[in-house]
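The structure appears right after this line, and notes come after that.
The values are calculated or read from the model by the stated rules, or taken from the named source; none is laboratory data. Computed from a predicted model, the values in this text were never measured in an experiment. Cβ: placed from backbone, ideal geometry, glycine included. Neighbour counts: every protein chain shown. Quick note on the areas: whole protein, heavy atoms, side chains included, nothing else; ligands and nucleic acids left out. Shrake-Rupley method; radii C 1.70, N 1.55, O 1.52, S 1.80 Å.
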Amino acid sequence: MSTFPSEQSCYFCRVSNGETDPFIFENRSFLSVFDTNPVNPGHALIIPRRHVDSIFHLNEMEEADYFDAIKGVKSVIETTDMTDLYENMLHRDYLKDLPKGHIETVLQLPFLGDKPNAYTVGNNDGREAGRSIDHLHVILLPRYKGDVENPRGGIRNVIPCRANYQRR
């Protein structure tokens with residue numbers, strides 16, 4: 001018996017159907033939106049059109065479109081006026097009753113108008129990996145000099161006690 005929500009109740013299926021956030025990129029297998037709870041300016045989600053819960057369950061066509069989507073969204077991020085994006089996001093009608101602290105915080109960041117220095121590409125593939133919605137979504141997170149004190153180790157820091165390593 002599956003514990004996954006049905007496609008009718010799946011938030012990312014609703015996104016894919018155009019019922020929520022405006023699309024910033026589309027190809028035949030994926031679409032993308034800016035995250036309304038951004039960690040950094042340009043934080044975007046890349047979502048398969050088909051209801052699928054794992055990157056390991058993509059079909060061949062989706063696999064072929066995966067990197068096209070990542071590159072396409074990166075281009076959108078780098079050409080978007082982030083101040084305008086987040087000021088407008090604060091006034092989206094469907095977000096009016098939701099917390100907007102993440103958006104307000106991003107609007108105050110000193111690097112808001114800068115081009116990203118790097119990217120973290122991530123996928124929490126499974127509940128134990130931190131996934132909160134059982135529909136695959138790839139996170140494209142722009143990174144900026146100074147957004148964390150020490151970025152060394154990158155994604156290894158999801159398990160802080162085992163993230164530190166030194167190559168000799």
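Ignoring ligands, DNA and RNA, please state the percent of accessible area on the chain from carbon and sulfur, probe 1.4 Å.
On the way: 5170 of 10360 Å².
For the chain, the apolar C and S fraction of the accessible surface comes to 50 percent.
Show the residues, 5+ positions off or on another chain, whose built amide H is closer than 5 Å to the amide H of Tyr119.
Under 5 Å from the amide H of Tyr119 lie the amide H atoms of Arg143, each far enough along the sequence or on another chain.
Just how many % of Cα pairs in the chain lie over 29 Å apart, if you round to the nearest whole percent?
Values: 3148 of 14028 pairs.
Of all Cα-Cα distances in the chain, 22 percent exceed 29 Å.
State, to one decimal in nm, how far the label point of Asn37 lies from the label point of Asn88, with both points 7 Å from Cα in the Cβ direction.
2.4
Measure off 7 Å from each Cα along the Cα-to-Cβ vector at Lys145 and His57, then give the distance between these two points in nanometres to one decimal.
Output for this residue pair reads 4.3 nm.
Of all the stretches in the chain, which is the longest one without any exposed loop site, taking GluC sites (Glu not before Pro) in a DSSP loop (any state but H, G, I, E, B) with at most 15 other Cβ atoms within 10 Å? Mind showing how you got there, number by number?
Details: sites that count: Glu19, Glu149.
That gives 20-148 as the longest site-free run.
Hey, can you find the accessible area per residue of the chain for me, probe 1.4 Å, expressed in square angstrom? Each step should come with its number before you reach the end.
On the way: 10360 Å² over 168 residues.
Value for the chain: 62 Å² per residue.
Starting from the Cα of Glu19, step 7 Å along the direction of its Cβ; do the same at Arg152; then give the gap between the two resulting points in nm.
For Glu19 paired with Arg152, the spin-label model returns 4.8 nm.
Which of the cysteines in the chain are isolated, no other cysteine C-beta under 4.7 Å?
Unpaired cysteines in the chain: Cys161.
Enumerate the calculated ³J(HN,Hα) couplings along segment 136-152 in order (Karplus 6.51 cos²θ - 1.76 cosθ + 1.60, θ = phi - 60°), each rounded to whole Hz, writing x wherever the residue is Gly or Pro.
Taking θ as phi minus 60°, the curve returns 3, 8, 9, 9, 10, 10, x, 10, 10, 4, x, 6, 9, 4, 9, x, 3 Hz for segment 136-152.
Per residue of segment 95-105, in order, report the coupling 6.51 cos²θ - 1.76 cosθ + 1.60 (Karplus, θ = phi - 60°) as ³J(HN,Hα) in whole Hz, putting x for Gly and Pro.
For segment 95-105, the Karplus curve yields 9, 4, 9, 9, x, 10, x, 5, 5, 4, 5 Hz.
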